[in-house]
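For reference, the structure discussed in these notes is given below.
The values are calculated or read from the model by the stated rules, or taken from the named source; none is laboratory data. Every value quoted in this text rests on a predicted model; they were computed, and no experiment measured them. All Cβ positions, glycine included, derive from the backbone under ideal geometry; neighbour counts span all protein chains shown.
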């Protein structure tokens, strides 16, 4: 399966035309720079040796310290770029910016060899400068934005007269007549113009080819969510009468990362897809497909849910009825129980990752989303952390053991986070309202939560309050042992009325009568999109 990307906003388009490149071109340019670096290093050494052996009259010139330093500098610069590319220490955008400088440096080195001997007045200029050939060569292999491509071309043109002047100053050569210098520089200027044209043409051809290659089973209609790890698009299958949601890594996010950081993000994304695909609970978002596009962007296809995340629900409509909260928690417990039995801890249970949706004739059907921070319970299994290896999750819903950075966590960390979610649904407030993320995380470790009845005027069953406060115990041993046990406790409460299908249907028909099909249109306002586009924003 492959996808077609919809057009971004006009501001992003304008920026791409002047400063940045599409991700698929950026990927190829980075690889090309690696090979060019190898070619430059090898060619510089070979030419230096052959010139000494086959043209003895050049040996004196090549023996000059300036020429030797220029050759050594060119080789070391080429190897340096190769090390940067292979080591993944800088982003692709930064690497290509350095590649622009590299083009000018190589042009200067070529010009240094060409002007290292006097230009005779009575000898006509034969052939053209190697700088001109270098400009055309790199114009094909290193496409760049118009502004940067123009800068590289101009810098390469100026490199020749600069090298000529440096050699005059060092060796004291007599100045060449202007017509000889003009004949040397003119082809460089012409090829600089053509290299700029070739650069623009190469970009257009690459984009056109890329779009043609991406014709596949799904057409991306428009974006319905955007978060720290990727984008979520509403998609349409071209053969089946089924809409879907496609999550993929944001290209602009990867463009600014180093190779190692990009590897972590891609690996985390892959882990999320595999973890989600291994689960079959109807309360876990269903995953249809997973793969990689031709420009190496990871994606996965999941069911398109018609609903609203719990954060948006409370923000817009206020705290929920306790019966409804119990209903939601029981649904979530079913998803978590299956994940925990598979040896997976979600680690990012929060209102944004819990979607309340309409599914066929069912209303208030809870779905658990975003397994991007999932961790295996197996000690030897691989898990993914943040880019700097610190604790992962959302501070307001972080369990004490995760906040402390403990490596041995189990399913009870998810139950603590679920307790924080229940607290928020019942009161409309977070468990701890501290001024910073660090303070919130430390409050989970040190502070005792305020009882629910002191944070809301809505009726709350003493049994329900006791269960929620039990979930918020600092020591995991004091919490319920499993999501299944928690579900049994919630369903066994005699003083909390059951949330009926009629109540759920009545709420939806009153508050969200339209479906995602009618709400999530490209021209829809931000409020409508928020109601149906909360799916997998993380």
Exactly one of (1) touching a residue at least 12 places away in the same chain (Cβ under 8 Å); (2) surrounded by fewer than 23 Cβ atoms within 10 Å (Cβ to Cβ) is unmet by residue 115. Its number?
(2)
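So that you can scan it fast, the table gives a plain yes or no per residue for (1) assigned to a helix (DSSP H, G or I); (2) modelled with pLDDT of 70 or more:
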{"site": "60", "(1), (2)": "yes, no"}
{"site": "69", "(1), (2)": "yes, yes"}
{"site": "79", "(1), (2)": "yes, yes"}
{"site": "93", "(1), (2)": "yes, yes"}
{"site": "99", "(1), (2)": "yes, yes"}
{"site": "124", "(1), (2)": "no, yes"}
{"site": "128", "(1), (2)": "no, yes"}
{"site": "153", "(1), (2)": "yes, yes"}
{"site": "156", "(1), (2)": "yes, yes"}
Meets criteria (out of contact with any helix residue (DSSP H, G or I) (no Cβ under 6 Å at 6 or more places or on another chain) and within 25 Å of residue 512 (Cα to Cα)) for residue 304:
yes
Across (1) under 24 Å from the mean Cα position of the chain (by Cα); (2) modelled with pLDDT of 60 or more; (3) not in a helix (DSSP H, G or I), residue 215 clears everything bar (2)
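Can residue 270 be described as part of a helix (DSSP H, G or I), modelled with pLDDT of 75 or more and under 22 Å from the mean Cα position of the chain (by Cα)? Please lay out each step first, then the result.
Numbers: part of a helix (DSSP H, G or I): yes; modelled with pLDDT of 75 or more: yes; under 22 Å from the mean Cα position of the chain (by Cα): yes.
Answer is yes for this residue.
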Just need a number here: residues in the range 489-538 that are in contact with a strand residue (DSSP E or B) (Cβ under 8 Å, 6 or more places away or on another chain), buried (at least 17 other Cβ atoms within 10 Å of the Cβ), in a helix (DSSP H, G or I) and modelled with pLDDT of 50 or more.
3
Filter result (loosely packed, with under 14 Cβ neighbours inside 10 Å and closer than 24 Å to residue 404 by Cα) within the range 452-475:
475
Within the range 287-327, the residues that are crowded, with 22+ Cβ neighbours inside 10 Å and part of a helix (DSSP H, G or I) are 310, 313, 322, 325, 326, 327
Filter result for residue 391 (at pLDDT below 95, surrounded by fewer than 20 Cβ atoms within 10 Å (Cβ to Cβ) and touching a helix residue (DSSP H, G or I) at 6+ places or on another chain (Cβ under 8 Å))
yes
In the list 463, 433, which residue meets the criterion of being out of contact with any strand residue (DSSP E or B) (no Cβ under 7 Å at 6 or more places or on another chain) and modelled with pLDDT under 95?
433
Inspect all residues belonging to the range 105-115 and state whether any of them is part of a loop (DSSP other than H, G, I, E, B), modelled with pLDDT of 75 or more and either under 29 Å from residue 169 (Cβ atoms) or outside the structural domain of residue 169 (by TED's automatic domain parsing) (or both).
yes
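Give the residue that is farthest from residue 338 (Cα to Cα), with candidates limited to residues of the range 474-488 that are in contact with a helix residue (DSSP H, G or I) (Cβ under 6 Å, 6 or more places away or on another chain) and not in a helix (DSSP H, G or I). Steps first, answer last, please.
The first filter runs over the range 474-488 and keeps only residues in contact with a helix residue (DSSP H, G or I) (Cβ under 6 Å, 6 or more places away or on another chain), leaving 474, 476, 479-480, 483-484, 486-487.
Checking the rest, the ones that are also not in a helix (DSSP H, G or I) come to 474, 479-480.
Working: 474: 24, 479: 18, 480: 16 Å.
Applying the filter and picking the extreme gives 474.
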